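Take a look at the structure set out below.
The values are calculated or read from the model by the stated rules, or taken from the named source; none is laboratory data. Computed from a predicted model, the values in this text were never measured in an experiment. Neighbour counts are summed over all protein chains in view; Cβ atoms, including those assigned to glycine, are modelled from backbone coordinates with ideal geometry. Ligands, DNA and RNA are stripped out before the accessible areas are found, and what is left, the full protein with its side chains, is counted by its heavy atoms. Shrake-Rupley method; radii C 1.70, N 1.55, O 1.52, S 1.80 Å.
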Amino acid sequence: MACAAARFPCAAVASAGRDPSTGKRPPSGSHAAPSTSSSTSSTIAFRSAVDGSVSGSRRRRGCAAAASAVRSPAEEEEGGGGHYYSSDAAGPADVDTLIAGYLADKRNQNANGAADDTPTSASAPVTQQRLVGRVYLIGTGPGDPGLLTLKAFHLMQTADVVLYDRLVSPAILDLVHRDAKMLYVGKQAGFHTRTQDEIEAMLLGLAGNGATVVRLKGGDPLVFGRGGEEMEVLMSRGHEVHIVPGITAAAGVGSELGIPLTHRGTATSVRLLTGHLREGAARDAADGAGNAVVDPVDFAVTAADLDTTLVVYMGLGTLPSLASKLIASGFPRDMPAVAVERGTTPRERRVFSTIGNLPAAVVAEKLRSPTLIIVGNTVALSPWWPWHALSGESMEEGGGDAATPPRTRPGAGVTYVAQRGLPSEDTSSWFREDSEVVKKLRVLGREAHQEKQEDRKNTKQTNEVTSVVGEEAVAGGKAR
């Protein structure tokens, strides 16, 4: 079956991979034909875009080649996991249409035995039949699925809907349970699938219809993740919001490379900085509506000192300016520094250098986002710092004291060292879908999901009994 050249280029193929009446995959080895019934066509279209085509390599493998013709920048970066980050993985462009599709799909499931807690009209405004949903803002860490918390994994097995960012790695998205509706809401320079306002509208619309929503964010949701903004919006509308912390990139990458963020006698503090500010920050500052920071580079320089480890998120674009201003403010040009692309993942690349040479080194090696930058004397404590004092010990052994990079030693002209791959054991196989660890965790997750469904059913029955008793009491009062 050829994929149609539309916003969802693989809709036809993806919908064929699921039972039109249930939205679930057929048993292994069987093939369900897509329904042609007009009564279910809109549901199938939504499911294809939101569920079947974006639910992991196990759900959209057959469309990978066709989708490559319309690959987004994020897809190009992600390689084999690119289907998670394509434009059609975002679902219908219109948020109201997306919510209506979700409700139609839920009604389909309810017709097949699930507890019905969904409003009866797919197009009914949320304000008319608003239920109180739960939203979990979850940090997934810097990319290694082994750094997920057990709480995060559990919630990924029980969610109705999962909204995820670009910085959530494919290996982690593969761990979401297969019946969840997955929606890509990632942003990167020049390619925003959703504005922040649209993301918040999606969260409100889904939660307002009683869904349990998991919002997956790279790193920690409250460290340059805009989790606080989403929390405020949801709480203002009466929704239950839970924050599940994640390992922020500074901690994950620093620990992986053996770079202490603080170290007695070397760094008494650490500062987490962003390489760019939100649009309109300068205008808001001038109007007194925001904080006073209008230039992230100037702020980083004023916040820096020789006894502090600087960690810069999203700083590739401003690195040349940051380096020159740090040096102008008194930083030595040979201050150790490292830039790490895709830290903690098998596709990691890193460049060790000095703050004076790092900008040119990053350009020479063509590092791309997401890249974390660490500047400070603690960088030279890493076992992977290439320029340990000549003591007969190899870099891998981590011997000797840190020394100045070789621009002042034999082999002058070598101003940086590029490395690729994980610096430690690759444990990704521990957390593949077919691994024993994941199988055991999924069993626990399914049990928890069944308990949740039973609780929902019992709660609904209790509410119905209470409603009937209340109506009888009112009727009795009127009779008297």
Filter result (farther than 21 Å from S424 by Cβ and in contact with a Gly (Cβ under 9 Å, 6 or more places away or on another chain)) within segment 356-383: S369
When you scan segment 424-434, do you find a residue that is over 30 Å from E365 (Cβ atoms), modelled with pLDDT under 75 and either open to solvent by 90 Å² or more (accessible area, probe 1.4 Å) or out of contact with any strand residue (DSSP E or B) (no Cβ under 8 Å at 6 or more places or on another chain) (or both), even just one? no
Need the failing condition index for A323 against (1) aliphatic (A, V, I, L, M); (2) out of contact with any Ser or Thr (no Cβ under 6 Å at 6 or more places or on another chain); (3) at pLDDT below 90, just the number. (3)
Considering only segment 206-229, state which residues are touching a residue at least 40 places away in the same chain (Cβ under 8 Å), charged (D, E, K, R) and open to solvent by 20 Å² or more (accessible area, probe 1.4 Å). D220
Criterion (more than 20 Å from Y85 (Cβ to Cβ) and without any contact (Cβ under 8 Å) to a residue 60 or more places away in the chain) met by exactly one of E256, E232, E240: E232
Counted residues, segment 262-281 - those being crowded, with 21+ Cβ neighbours inside 10 Å and at pLDDT 95 or above: 1
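Per-residue answers, yes or no, for (1) within 30 Å of A207 (Cα to Cα); (2) open to solvent by less than 30 Å² (accessible area, probe 1.4 Å); (3) at pLDDT 75 or above:
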position: G238; (1), (2), (3): yes, no, yes
position: A250; (1), (2), (3): no, yes, yes
position: D287; (1), (2), (3): no, no, no
position: L306; (1), (2), (3): no, no, yes
position: L310; (1), (2), (3): no, yes, yes
Selection status of R368, at pLDDT 85 or above and of a type in the set (K, R): yes
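Conditions tested, residue by residue: (1) open to solvent by 30 Å² or more (accessible area, probe 1.4 Å); (2) closer than 19 Å to G218 by Cβ; (3) modelled with pLDDT of 95 or more.
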position: T158; (1), (2), (3): no, no, no
position: L163; (1), (2), (3): no, yes, yes
position: R166; (1), (2), (3): no, yes, no
position: S169; (1), (2), (3): no, yes, no
position: L175; (1), (2), (3): no, yes, no
position: A180; (1), (2), (3): no, yes, no
position: Q188; (1), (2), (3): no, yes, no
position: F191; (1), (2), (3): yes, yes, no
position: D197; (1), (2), (3): yes, no, no
So which of V294, V301 is in contact with a helix residue (DSSP H, G or I) (Cβ under 6 Å, 6 or more places away or on another chain), at pLDDT below 95, open to solvent by 20 Å² or more (accessible area, probe 1.4 Å) and over 25 Å from K187 (Cα atoms)? V301
